[in-house]
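In what follows, a single structure is set out as C-alpha coordinates and then discussed.
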Amino acid sequence: MLASSLYLWNDQLPPYSVFNPKKYLGLDLEQSIQNSVNYISSFATDSQTNLLYEQYAYPLNIKDKIKYSTFLNKNEQSLQNTNFGMKLGVDKTSGEIRVMYVLPNSPADRSGIKRSYLLEEINGIKIQGIRKSASFVAKILKTDERCSFVFKNKNGLSIYFDLRKNLYISSPILKDTVFEHSGKQIGYLLLHSFPSASAIRTDLDNVFRKFNKQHLEGLIVDLRYNGGGNISSARYLANLIAPRSINGKKMYSLIYNKNLREGKFNDLSRFYVRGNNEERIKKETGSWMTFADYDFSVEENTHFFNKKGNLNSLKKIVFIVSEHTASASEMLINSLKPYMNVSLVGQKTYGKPVGFFAVPIGKYNIFLSSFLTTNAEGNAKYFQGMPVDVEALDDFNYDFMDFKEDCFYSALSEFNLKLTKARSLLLKKKKTIKMLNVEPINNLLNDDITSVPYSK
(Lines give C-alpha, C1' and ligand atoms only; values in the text may rest on other atoms or scores of the structure.)
Protein backbone atom coordinates (compact mmCIF):
# COMPACT_ATOMS: atom_id res chain seq x y z
CA MET A 1 0.00 0.00 0.00
CA LEU A 2 1.58 3.26 -1.17
CA ALA A 3 0.21 5.31 1.75
CA SER A 4 1.85 3.08 4.35
CA SER A 5 5.24 4.14 2.96
CA LEU A 6 4.69 7.68 1.76
CA TYR A 7 1.94 9.23 3.90
CA LEU A 8 3.19 11.69 6.53
CA TRP A 9 0.93 10.30 9.25
CA ASN A 10 1.26 6.65 8.24
CA ASP A 11 1.49 5.64 11.91
CA GLN A 12 -2.19 6.58 12.32
CA LEU A 13 -3.45 4.51 9.36
CA PRO A 14 -5.22 1.18 9.87
CA PRO A 15 -3.48 -1.99 8.63
CA TYR A 16 -3.76 -2.93 4.95
CA SER A 17 -6.20 -5.72 5.72
CA VAL A 18 -8.62 -3.22 7.24
CA PHE A 19 -8.20 -0.71 4.41
CA ASN A 20 -8.88 -3.45 1.83
CA PRO A 21 -8.62 -1.46 -1.42
CA LYS A 22 -10.20 -4.38 -3.30
CA LYS A 23 -13.57 -3.11 -2.08
CA TYR A 24 -13.21 -0.35 -4.70
CA LEU A 25 -12.84 -2.80 -7.58
CA GLY A 26 -15.52 -2.32 -10.21
CA LEU A 27 -15.48 1.47 -9.85
CA ASP A 28 -13.88 3.59 -12.54
CA LEU A 29 -10.27 4.56 -11.77
CA GLU A 30 -11.06 8.16 -10.82
CA GLN A 31 -13.76 7.20 -8.33
CA SER A 32 -11.55 4.46 -6.91
CA ILE A 33 -8.70 6.93 -6.35
CA GLN A 34 -11.09 9.48 -4.85
CA ASN A 35 -12.49 6.94 -2.40
CA SER A 36 -9.00 5.78 -1.44
CA VAL A 37 -7.72 9.33 -0.82
CA ASN A 38 -10.86 10.12 1.20
CA TYR A 39 -10.32 7.03 3.33
CA ILE A 40 -6.59 7.60 3.88
CA SER A 41 -7.23 11.21 4.91
CA SER A 42 -9.87 10.35 7.52
CA PHE A 43 -7.61 9.10 10.33
CA ALA A 44 -4.67 11.36 11.23
CA THR A 45 -5.61 13.57 14.19
CA ASP A 46 -3.76 16.52 15.76
CA SER A 47 -3.41 15.61 19.44
CA GLN A 48 -3.36 19.29 20.45
CA THR A 49 -6.63 20.25 18.76
CA ASN A 50 -8.32 16.84 18.37
CA LEU A 51 -9.04 17.84 14.77
CA LEU A 52 -8.25 15.77 11.72
CA TYR A 53 -5.16 17.21 10.03
CA GLU A 54 -6.80 16.99 6.62
CA GLN A 55 -10.16 18.41 7.66
CA TYR A 56 -11.28 21.99 7.26
CA ALA A 57 -11.98 23.65 10.60
CA TYR A 58 -14.61 26.24 11.48
CA PRO A 59 -15.48 28.74 10.03
CA LEU A 60 -14.78 27.12 6.64
CA ASN A 61 -16.48 23.87 7.65
CA ILE A 62 -16.27 22.45 4.15
CA LYS A 63 -17.78 18.98 4.12
CA ASP A 64 -16.62 16.12 1.91
CA LYS A 65 -13.48 17.96 0.84
CA ILE A 66 -9.93 17.11 1.87
CA LYS A 67 -7.67 19.98 2.84
CA TYR A 68 -4.32 18.64 1.63
CA SER A 69 -4.06 15.26 -0.11
CA THR A 70 -5.54 15.20 -3.59
CA PHE A 71 -5.17 13.83 -7.13
CA LEU A 72 -5.24 15.47 -10.55
CA ASN A 73 -5.78 14.29 -14.09
CA LYS A 74 -2.49 14.82 -15.96
CA ASN A 75 -4.33 16.25 -18.96
CA GLU A 76 -6.13 18.80 -16.78
CA GLN A 77 -2.82 19.77 -15.18
CA SER A 78 -1.35 20.52 -18.60
CA LEU A 79 -4.26 22.85 -19.38
CA GLN A 80 -4.00 24.96 -16.24
CA ASN A 81 -3.04 28.04 -18.25
CA THR A 82 -5.79 27.59 -20.83
CA ASN A 83 -8.32 30.08 -19.49
CA PHE A 84 -9.37 33.73 -19.60
CA GLY A 85 -6.64 34.71 -17.14
CA MET A 86 -8.76 36.67 -14.68
CA LYS A 87 -10.36 35.94 -11.31
CA LEU A 88 -13.66 37.45 -10.29
CA GLY A 89 -15.05 38.04 -6.82
CA VAL A 90 -18.52 38.76 -5.49
CA ASP A 91 -19.26 41.23 -2.71
CA LYS A 92 -21.97 39.46 -0.73
CA THR A 93 -23.11 42.74 0.77
CA SER A 94 -23.88 44.45 -2.53
CA GLY A 95 -23.97 41.42 -4.85
CA GLU A 96 -21.53 43.12 -7.20
CA ILE A 97 -19.09 40.97 -9.15
CA ARG A 98 -15.73 42.56 -9.90
CA VAL A 99 -12.33 41.64 -11.27
CA MET A 100 -9.96 40.69 -8.47
CA TYR A 101 -6.84 40.29 -10.60
CA VAL A 102 -5.68 39.67 -14.17
CA LEU A 103 -2.71 37.50 -15.13
CA PRO A 104 -0.07 39.12 -17.37
CA ASN A 105 -0.22 38.15 -21.07
CA SER A 106 -3.57 36.36 -20.62
CA PRO A 107 -6.57 36.94 -22.91
CA ALA A 108 -8.08 39.25 -20.28
CA ASP A 109 -4.85 41.21 -19.93
CA ARG A 110 -4.35 41.60 -23.68
CA SER A 111 -7.93 42.90 -23.94
CA GLY A 112 -7.28 45.58 -21.32
CA ILE A 113 -9.42 44.27 -18.43
CA LYS A 114 -8.28 45.60 -15.05
CA ARG A 115 -8.79 44.87 -11.37
CA SER A 116 -11.90 46.55 -9.89
CA TYR A 117 -13.86 46.44 -13.17
CA LEU A 118 -17.56 45.78 -12.44
CA LEU A 119 -19.23 42.96 -14.37
CA GLU A 120 -22.53 44.11 -15.91
CA GLU A 121 -23.20 41.45 -18.57
CA ILE A 122 -21.96 38.00 -19.56
CA ASN A 123 -22.90 36.45 -22.91
CA GLY A 124 -25.47 39.20 -23.39
CA ILE A 125 -27.21 38.51 -20.06
CA LYS A 126 -27.41 41.33 -17.53
CA ILE A 127 -26.07 40.29 -14.12
CA GLN A 128 -28.18 42.62 -12.00
CA GLY A 129 -31.32 40.92 -10.78
CA ILE A 130 -30.17 37.35 -11.48
CA ARG A 131 -30.79 35.09 -8.51
CA LYS A 132 -27.55 33.45 -7.37
CA SER A 133 -25.62 35.45 -9.94
CA ALA A 134 -22.26 34.27 -8.57
CA SER A 135 -23.06 30.61 -9.24
CA PHE A 136 -24.47 31.50 -12.65
CA VAL A 137 -21.29 33.34 -13.68
CA ALA A 138 -18.97 30.71 -12.19
CA LYS A 139 -20.62 27.97 -14.26
CA ILE A 140 -20.21 29.94 -17.48
CA LEU A 141 -16.57 30.73 -16.72
CA LYS A 142 -15.87 27.04 -16.17
CA THR A 143 -17.70 25.57 -19.15
CA ASP A 144 -17.61 28.14 -21.98
CA GLU A 145 -14.56 28.38 -24.21
CA ARG A 146 -15.63 31.81 -25.45
CA CYS A 147 -17.51 34.51 -23.56
CA SER A 148 -18.60 38.08 -24.08
CA PHE A 149 -18.41 40.48 -21.15
CA VAL A 150 -19.51 44.02 -20.42
CA PHE A 151 -17.45 45.60 -17.64
CA LYS A 152 -17.80 49.08 -16.16
CA ASN A 153 -14.40 50.67 -15.57
CA LYS A 154 -13.41 52.99 -12.73
CA ASN A 155 -14.52 56.00 -14.80
CA GLY A 156 -18.04 54.60 -15.11
CA LEU A 157 -17.67 53.68 -18.78
CA SER A 158 -19.21 50.34 -19.89
CA ILE A 159 -16.87 48.39 -22.20
CA TYR A 160 -17.59 45.26 -24.27
CA PHE A 161 -15.04 42.42 -24.39
CA ASP A 162 -15.06 39.19 -26.39
CA LEU A 163 -12.66 36.63 -24.91
CA ARG A 164 -11.63 33.13 -25.93
CA LYS A 165 -9.74 30.76 -23.66
CA ASN A 166 -6.31 29.90 -24.98
CA LEU A 167 -2.90 28.76 -23.85
CA TYR A 168 -0.54 31.52 -22.73
CA ILE A 169 2.69 31.99 -20.80
CA SER A 170 2.34 34.39 -17.89
CA SER A 171 4.51 35.84 -15.15
CA PRO A 172 3.54 35.24 -11.51
CA ILE A 173 4.67 38.79 -10.72
CA LEU A 174 1.54 40.91 -11.11
CA LYS A 175 3.07 44.16 -9.87
CA ASP A 176 6.35 45.52 -8.49
CA THR A 177 7.38 49.06 -7.69
CA VAL A 178 9.18 51.32 -5.23
CA PHE A 179 7.53 54.33 -3.60
CA GLU A 180 8.30 56.81 -0.83
CA HIS A 181 6.18 56.82 2.30
CA SER A 182 6.84 58.86 5.44
CA GLY A 183 10.40 59.51 4.28
CA LYS A 184 11.06 55.79 3.72
CA GLN A 185 11.68 53.90 0.50
CA ILE A 186 9.18 51.02 0.43
CA GLY A 187 9.09 48.20 -2.11
CA TYR A 188 5.93 46.44 -3.21
CA LEU A 189 5.84 42.96 -4.81
CA LEU A 190 2.58 41.23 -5.78
CA LEU A 191 3.23 37.55 -6.42
CA HIS A 192 0.46 35.28 -7.69
CA SER A 193 2.20 31.88 -7.43
CA PHE A 194 5.52 30.06 -7.17
CA PRO A 195 6.40 28.31 -10.45
CA SER A 196 9.71 26.49 -10.83
CA ALA A 197 12.73 28.52 -9.76
CA SER A 198 14.10 28.48 -13.32
CA ALA A 199 10.87 30.10 -14.55
CA ILE A 200 10.92 33.00 -12.08
CA ARG A 201 14.56 33.53 -11.13
CA THR A 202 15.38 36.11 -13.83
CA ASP A 203 12.24 38.16 -13.12
CA LEU A 204 12.90 38.17 -9.38
CA ASP A 205 16.55 39.14 -9.90
CA ASN A 206 15.48 42.12 -12.00
CA VAL A 207 12.94 43.24 -9.40
CA PHE A 208 15.43 43.04 -6.55
CA ARG A 209 18.13 44.87 -8.50
CA LYS A 210 15.64 47.72 -8.76
CA PHE A 211 14.85 47.43 -5.05
CA ASN A 212 18.53 47.52 -4.14
CA LYS A 213 19.18 50.69 -6.16
CA GLN A 214 16.49 52.46 -4.13
CA HIS A 215 17.97 51.34 -0.77
CA LEU A 216 14.70 50.00 0.57
CA GLU A 217 13.95 50.21 4.28
CA GLY A 218 10.67 48.32 4.04
CA LEU A 219 9.06 45.73 1.76
CA ILE A 220 5.43 44.78 1.23
CA VAL A 221 5.06 41.29 -0.25
CA ASP A 222 1.48 40.75 -1.39
CA LEU A 223 0.61 37.05 -1.24
CA ARG A 224 -3.15 37.38 -0.84
CA TYR A 225 -3.81 35.21 -3.93
CA ASN A 226 -0.72 33.02 -3.73
CA GLY A 227 -1.77 29.43 -3.05
CA GLY A 228 1.81 28.19 -3.25
CA GLY A 229 3.62 26.18 -5.88
CA ASN A 230 7.26 25.17 -6.07
CA ILE A 231 9.14 25.36 -2.81
CA SER A 232 12.46 26.08 -4.56
CA SER A 233 11.03 29.40 -5.83
CA ALA A 234 9.96 30.40 -2.33
CA ARG A 235 13.45 29.51 -1.12
CA TYR A 236 15.02 31.67 -3.83
CA LEU A 237 12.83 34.63 -2.86
CA ALA A 238 13.74 34.15 0.81
CA ASN A 239 17.42 34.34 -0.14
CA LEU A 240 16.82 37.61 -2.02
CA ILE A 241 15.00 39.12 0.98
CA ALA A 242 17.29 37.83 3.74
CA PRO A 243 20.14 39.98 5.12
CA ARG A 244 23.73 38.80 4.77
CA SER A 245 23.94 38.36 8.53
CA ILE A 246 21.87 35.14 8.42
CA ASN A 247 23.80 33.57 5.56
CA GLY A 248 24.43 29.90 6.36
CA LYS A 249 21.75 29.72 9.04
CA LYS A 250 18.90 27.22 8.84
CA MET A 251 15.96 28.21 6.66
CA TYR A 252 13.71 25.15 6.84
CA SER A 253 13.60 21.37 6.98
CA LEU A 254 11.33 18.87 5.26
CA ILE A 255 10.33 16.19 7.78
CA TYR A 256 9.14 12.87 6.35
CA ASN A 257 7.64 10.00 8.34
CA LYS A 258 9.92 7.85 10.50
CA ASN A 259 10.01 4.90 8.12
CA LEU A 260 11.05 7.06 5.16
CA ARG A 261 13.72 8.81 7.22
CA GLU A 262 15.18 5.44 8.19
CA GLY A 263 14.89 3.96 4.69
CA LYS A 264 12.20 1.46 5.68
CA PHE A 265 9.62 1.54 2.91
CA ASN A 266 7.87 -0.69 0.40
CA ASP A 267 6.66 -0.32 -3.18
CA LEU A 268 8.43 2.99 -3.95
CA SER A 269 10.79 1.39 -6.47
CA ARG A 270 7.77 0.89 -8.76
CA PHE A 271 7.30 4.65 -9.20
CA TYR A 272 9.63 6.52 -11.53
CA VAL A 273 10.62 10.11 -10.83
CA ARG A 274 9.52 12.37 -13.66
CA GLY A 275 10.45 15.93 -14.59
CA ASN A 276 8.27 18.84 -15.61
CA ASN A 277 7.59 17.27 -19.03
CA GLU A 278 6.63 13.87 -17.58
CA GLU A 279 9.98 12.49 -18.74
CA ARG A 280 11.75 9.96 -16.53
CA ILE A 281 14.97 11.14 -14.87
CA LYS A 282 18.22 9.19 -14.96
CA LYS A 283 20.61 8.73 -12.06
CA GLU A 284 24.37 9.17 -12.42
CA THR A 285 24.59 5.41 -12.91
CA GLY A 286 22.40 5.68 -16.02
CA SER A 287 19.44 3.78 -14.57
CA TRP A 288 16.03 5.38 -14.12
CA MET A 289 15.46 7.16 -10.82
CA THR A 290 12.58 5.93 -8.63
CA PHE A 291 11.14 7.21 -5.39
CA ALA A 292 13.11 4.50 -3.60
CA ASP A 293 16.32 6.36 -4.58
CA TYR A 294 15.46 9.40 -2.47
CA ASP A 295 17.33 10.16 0.71
CA PHE A 296 14.48 11.19 3.04
CA SER A 297 16.67 11.97 6.07
CA VAL A 298 16.30 15.28 7.88
CA GLU A 299 19.96 16.10 7.24
CA GLU A 300 19.61 15.81 3.47
CA ASN A 301 16.36 17.80 3.47
CA THR A 302 17.45 20.78 5.55
CA HIS A 303 18.10 24.01 3.66
CA PHE A 304 20.17 26.97 4.76
CA PHE A 305 20.12 30.63 3.77
CA ASN A 306 22.37 31.39 0.80
CA LYS A 307 22.10 35.13 0.17
CA LYS A 308 21.16 36.15 -3.36
CA GLY A 309 21.48 39.68 -4.73
CA ASN A 310 22.71 42.75 -2.87
CA LEU A 311 19.63 44.00 -1.02
CA ASN A 312 20.69 44.26 2.62
CA SER A 313 18.86 47.32 3.93
CA LEU A 314 15.43 45.98 4.92
CA LYS A 315 14.28 46.83 8.42
CA LYS A 316 10.75 45.48 8.15
CA ILE A 317 8.68 43.18 5.93
CA VAL A 318 4.89 43.22 5.73
CA PHE A 319 3.10 40.30 4.09
CA ILE A 320 -0.44 40.83 2.81
CA VAL A 321 -2.22 37.49 3.23
CA SER A 322 -5.66 35.91 3.06
CA GLU A 323 -7.37 32.54 3.38
CA HIS A 324 -6.00 31.84 -0.13
CA THR A 325 -2.36 32.24 1.04
CA ALA A 326 -1.03 28.71 1.40
CA SER A 327 1.76 26.20 1.15
CA ALA A 328 5.02 27.65 -0.22
CA SER A 329 3.79 31.17 0.63
CA GLU A 330 3.37 30.20 4.27
CA MET A 331 6.74 28.44 4.23
CA LEU A 332 8.39 31.68 3.02
CA ILE A 333 6.84 33.65 5.90
CA ASN A 334 7.61 30.95 8.45
CA SER A 335 11.26 30.74 7.33
CA LEU A 336 11.88 34.50 7.69
CA LYS A 337 10.07 34.99 11.01
CA PRO A 338 12.90 33.76 13.29
CA TYR A 339 15.33 36.29 11.84
CA MET A 340 13.49 39.39 10.59
CA ASN A 341 10.87 41.94 11.64
CA VAL A 342 7.80 40.43 9.96
CA SER A 343 4.15 41.51 10.15
CA LEU A 344 1.07 39.92 8.58
CA VAL A 345 -1.84 42.02 7.33
CA GLY A 346 -5.15 40.77 5.96
CA GLN A 347 -6.93 37.58 6.97
CA LYS A 348 -5.69 34.34 8.55
CA THR A 349 -3.88 32.16 6.02
CA TYR A 350 -5.02 28.78 4.70
CA GLY A 351 -2.81 26.67 6.95
CA LYS A 352 -0.71 24.18 4.97
CA PRO A 353 2.62 23.30 6.61
CA VAL A 354 2.76 20.06 4.63
CA GLY A 355 3.84 19.19 1.13
CA PHE A 356 3.87 16.39 -1.40
CA PHE A 357 5.06 15.33 -4.83
CA ALA A 358 3.35 13.66 -7.72
CA VAL A 359 3.04 9.87 -7.74
CA PRO A 360 1.76 8.75 -11.19
CA ILE A 361 -0.98 6.12 -11.37
CA GLY A 362 -2.34 5.73 -14.87
CA LYS A 363 -3.51 9.08 -16.22
CA TYR A 364 -3.58 10.59 -12.73
CA ASN A 365 -1.01 12.12 -10.40
CA ILE A 366 -1.60 11.32 -6.72
CA PHE A 367 -0.53 13.83 -4.06
CA LEU A 368 -0.51 12.40 -0.54
CA SER A 369 0.68 14.62 2.33
CA SER A 370 4.28 13.46 2.60
CA PHE A 371 6.37 15.95 4.58
CA LEU A 372 6.14 18.67 7.18
CA THR A 373 7.97 21.99 6.72
CA THR A 374 9.59 23.37 9.87
CA ASN A 375 11.56 26.59 10.30
CA ALA A 376 14.76 27.23 12.28
CA GLU A 377 12.78 27.11 15.52
CA GLY A 378 11.15 23.82 14.58
CA ASN A 379 7.79 25.56 14.14
CA ALA A 380 5.14 24.12 11.84
CA LYS A 381 2.11 24.81 14.01
CA TYR A 382 -0.15 26.60 11.58
CA PHE A 383 -2.46 23.83 10.42
CA GLN A 384 -5.40 26.15 11.18
CA GLY A 385 -3.71 29.09 9.45
CA MET A 386 -1.29 31.85 10.43
CA PRO A 387 -3.03 34.60 12.42
CA VAL A 388 -2.52 38.18 11.23
CA ASP A 389 -1.18 41.13 13.19
CA VAL A 390 -3.63 43.53 11.54
CA GLU A 391 -6.99 42.48 10.12
CA ALA A 392 -7.93 43.90 6.74
CA LEU A 393 -10.13 42.83 3.83
CA ASP A 394 -9.31 42.61 0.15
CA ASP A 395 -11.40 45.41 -1.36
CA PHE A 396 -11.46 44.81 -5.10
CA ASN A 397 -13.44 48.00 -5.62
CA TYR A 398 -9.98 49.55 -5.78
CA ASP A 399 -6.80 48.73 -7.65
CA PHE A 400 -3.69 47.37 -5.96
CA MET A 401 -1.70 50.05 -4.10
CA ASP A 402 -4.71 52.38 -3.93
CA PHE A 403 -4.74 54.10 -0.52
CA LYS A 404 -8.47 53.35 -0.31
CA GLU A 405 -7.81 49.62 -0.59
CA ASP A 406 -7.96 48.21 2.93
CA CYS A 407 -5.09 45.71 2.74
CA PHE A 408 -2.62 48.17 1.21
CA TYR A 409 -3.56 50.98 3.59
CA SER A 410 -3.23 48.64 6.55
CA ALA A 411 0.18 47.46 5.33
CA LEU A 412 1.33 51.06 5.06
CA SER A 413 0.24 51.71 8.62
CA GLU A 414 2.84 49.19 9.76
CA PHE A 415 5.50 51.64 8.54
CA ASN A 416 3.77 54.75 9.90
CA LEU A 417 2.19 54.60 13.35
CA LYS A 418 0.63 58.03 12.81
CA LEU A 419 -1.89 56.53 10.39
CA THR A 420 -5.24 56.08 12.06
CA LYS A 421 -5.82 52.76 13.79
CA ALA A 422 -9.49 53.04 12.86
CA ARG A 423 -8.58 52.56 9.22
CA SER A 424 -10.64 49.50 8.42
CA LEU A 425 -14.13 50.74 7.57
CA LEU A 426 -14.69 47.58 5.58
CA LEU A 427 -14.45 45.42 8.67
CA LYS A 428 -17.04 47.56 10.41
CA LYS A 429 -19.40 46.83 7.54
CA LYS A 430 -18.55 43.13 7.90
CA LYS A 431 -18.12 42.93 4.19
CA THR A 432 -17.57 39.42 2.84
CA ILE A 433 -16.18 38.31 -0.48
CA LYS A 434 -16.04 35.11 -2.45
CA MET A 435 -13.77 34.20 -5.33
CA LEU A 436 -15.16 32.81 -8.57
CA ASN A 437 -13.38 30.58 -11.05
CA VAL A 438 -10.73 29.70 -8.49
CA GLU A 439 -8.16 27.00 -9.12
CA PRO A 440 -7.88 24.37 -6.34
CA ILE A 441 -6.14 25.75 -3.27
CA ASN A 442 -4.19 22.46 -3.02
CA ASN A 443 -1.35 23.98 -5.03
CA LEU A 444 1.77 21.87 -5.07
CA LEU A 445 4.48 22.36 -2.49
CA ASN A 446 7.29 20.32 -4.01
CA ASP A 447 10.98 20.77 -4.55
CA ASP A 448 12.50 20.76 -8.03
CA ILE A 449 12.49 17.03 -8.61
CA THR A 450 16.07 16.97 -9.91
CA SER A 451 17.43 18.74 -6.82
CA VAL A 452 16.01 16.25 -4.31
CA PRO A 453 18.92 14.37 -2.70
CA TYR A 454 19.02 10.63 -3.30
CA SER A 455 21.11 7.60 -2.51
CA LYS A 456 23.60 6.55 -5.16
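The values are calculated or read from the model by the stated rules, or taken from the named source; none is laboratory data. Values in this document were obtained by computation on a predicted structure and should not be read as measured data. Quick reminder, even Gly has a Cβ in these numbers, built from the backbone with ideal geometry, and neighbours come from all protein chains shown.
Condition first: closer than 30 Å to MET289 by Cβ and at pLDDT 95 or above. Can you find one or more residues in the range 334-347 that meet it? Before you say what the answer is, go through the steps one by one.
Within the range 334-347, the first condition is being closer than 30 Å to MET289 by Cβ, and the residues that meet it are 334-335.
If we keep only those that are at pLDDT 95 or above too, we end up with 334-335.
Among the residues of the range 334-347, at least one is closer than 30 Å to MET289 by Cβ and at pLDDT 95 or above, which makes the answer yes.
Take THR143 and tell me if it is surrounded by fewer than 22 Cβ atoms within 10 Å (Cβ to Cβ), among the β-branched types (Val, Ile, Thr) and modelled with pLDDT under 95. Steps first, please.
On the way: surrounded by fewer than 22 Cβ atoms within 10 Å (Cβ to Cβ): yes; among the β-branched types (Val, Ile, Thr): yes; modelled with pLDDT under 95: yes.
When the stated conditions are applied, THR143 passes them.
Taking the range 216-275 as the search range and keeping residues that are touching a Pro at 6+ places or on another chain (Cβ under 9 Å) and under 16 Å from LEU6 (Cβ atoms), which one is surrounded by the fewest Cβ atoms within 10 Å (Cβ to Cβ)?
Step by step, filter the range 216-275, then rank; the result is TYR272.
If the Cβ limit is 9 Å and pairs must be 6+ apart or interchain, which residue in the range 381-399 that is over 15 Å from ARG224 (Cα atoms) pairs with which residue that is surrounded by fewer than 17 Cβ atoms within 10 Å (Cβ to Cβ) and of a type in the set (A, V, I, L, M)?
Listed pairs, sorted by first residue: PHE383/LEU51; PHE383/ALA57; GLN384/LEU51; GLN384/ALA57.
Please work out which residue is nearest to VAL345 (Cα to Cα), limiting yourself to the range 400-416 and to residues that are in contact (Cβ under 8 Å) with a residue 12 or more places away in the chain and assigned to a loop (DSSP other than H, G, I, E, B). Please lay out each step first, then the result.
Taking the range 400-416 and keeping what is in contact (Cβ under 8 Å) with a residue 12 or more places away in the chain, we get 400-401, 406-416.
Still in the list and also assigned to a loop (DSSP other than H, G, I, E, B): 400-401, 414-416.
Numbers: PHE400: 14, MET401: 14, GLU414: 9, PHE415: 12, ASN416: 14 Å.
Within the range 400-416, the match that is nearest to VAL345 (Cα to Cα) is GLU414.
So which residues in the range 248-281 are of a type outside the set (Phe, Trp, Tyr), in a strand (DSSP E or B) and at pLDDT below 85, if there are any at all?
Passing the criteria: ARG274, ARG280.
Since LEU368 meets every condition but one in (1) touching a helix residue (DSSP H, G or I) at 6+ places or on another chain (Cβ under 6 Å); (2) over 30 Å from GLU279 (Cβ atoms), which condition does it not meet?
In the conditions (1) touching a helix residue (DSSP H, G or I) at 6+ places or on another chain (Cβ under 6 Å); (2) over 30 Å from GLU279 (Cβ atoms), LEU368 misses (2) alone.
Which one is nearest to PHE71 (Cα to Cα), of the residues in the range 33-58 that are surrounded by fewer than 17 Cβ atoms within 10 Å (Cβ to Cβ) and of a type in the set (Gly, Ala, Ser)?
Applying the filter and picking the extreme gives SER42.
Which one is farthest from the chain's Cα centre (by Cα), of the residues in the range 343-399 that are part of a loop (DSSP other than H, G, I, E, B) and of a type in the set (Ser, Thr, Tyr)?
Step one: list which residues in the range 343-399 are part of a loop (DSSP other than H, G, I, E, B), which gives 347-353, 356-358, 362-363, 368-370, 376-389, 392-399.
Still in the list and also of a type in the set (Ser, Thr, Tyr): 349-350, 369-370, 382, 398.
Numbers: THR349: 10, TYR350: 9, SER369: 15, SER370: 17, TYR382: 15, TYR398: 23 Å.
Looking at residues that are part of a loop (DSSP other than H, G, I, E, B) and of a type in the set (Ser, Thr, Tyr), I get TYR398.
So in the range 250-265, with the set limited to residues that are of a type in the set (D, E, K, R) and touching a residue at least 24 places away in the same chain (Cβ under 8 Å), which one is farthest from SER369 (Cα to Cα)? Working first, answer last.
We begin by selecting, within the range 250-265, every residue of a type in the set (D, E, K, R); these are 250, 258, 261-262, 264.
Restricting the remaining residues to those that are touching a residue at least 24 places away in the same chain (Cβ under 8 Å) gives 250, 258, 261.
Details: LYS250: 23, LYS258: 14, ARG261: 15 Å.
Out of the qualifying residues, it is LYS250.
Considering only residues that are touching a strand residue (DSSP E or B) at 6+ places or on another chain (Cβ under 9 Å), in a loop (DSSP other than H, G, I, E, B) and of a type in the set (S, T, N, Q), which ones fall in the range 298-326?
Within the range 298-326, ASN306, SER313, SER322, THR325 qualify.
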